[in-house]
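The block underneath contains the structure these notes are about, expressed in structure tokens.
Taken together, the values in this text are just the output of simple stated rules run on the coordinates, not laboratory data. What you see is a predicted model, and the numbers here were worked out from it, not measured in a lab. A quick note on method: Cβ atoms are made from the backbone with ideal geometry, for glycine too, and the neighbour counts reach across all protein chains shown.
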Amino acid sequence: MSTPIMPHTLPPMLYPDDAPRVRSTDPITSSEAADRSVDRATVALWVEEALASEGHPMTADAIYHRIHSFGHMCSKERVRTVLNEGAGLSVRESVRFDAFRRLDEFGQSDRGRRAHLWTLAGGAA
């Protein structure tokens, strides 16, 4: 009699053109979450699209809402992470790039607090 394979013991899903996004020792729920995640390059393009479409600096919350108005789905946290990486402000040097600028000007967050304004690095927004 063979031992049944339990879902939490299955290896993560890998696609031919995809690198693994989780460790092989992680539970299957980590693999499922990674399969649903949106990569940073895609979100960076959506952020650029949002800033360019508005034509003026925006808060991270406003960018998030603009991205969703286009029908794209990601978290506010992912938008903030991509903004910081794209402004060269990430702690991890390997993910820094130069696409966005955090201004020393402020707008209002969804919670009514002071929030930095962001623009494209080239000044198009």
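Obtain the radius of gyration and the Kirkwood radius of the range 40-120 from its C-alpha atoms and give Rg over Rh.
Taking Rh as the inverse mean 1/r over Cα pairs, Rg/Rh reads 0.93.
Can you tell me the order of 49-58, 100-109 when each peptide is scored by its average per-residue count of other Cβ atoms within 10 angstrom, highest first? Please report the intermediate quantities before stating the final value.
On the way: 49-58: 16.1, 100-109: 14.6.
Final packing ranking: 49-58, 100-109.
What residues from the range 92-125 fall in the zone where the backbone N is under 18 Å from a label point 7 Å along the Cα-to-C-beta line of His65?
Answer for this model: 106-119.
Within the range 58-89, list the residues whose amide N lies under 17 Å from a label point set 7 Å along Cα→Cβ of Val95.
74-89
Roughly what would the spin-label model give for His56 and Leu103, points 7 Å off Cα along C-beta, in nm?
According to this spin-label approximation, the distance is 0.9 nm.
With +1 on each Lys and Arg Cβ and -1 on each Asp and Glu Cβ, how big is the dipole of the range 40-120 about its Cα centre, in debye rounded to the nearest 20? Write out the running numbers ahead of the final one.
Values: 12 positive and 11 negative charges, 57 e Å.
With only Lys, Arg, Asp and Glu charged at Cβ, the dipole is about 280 debye.
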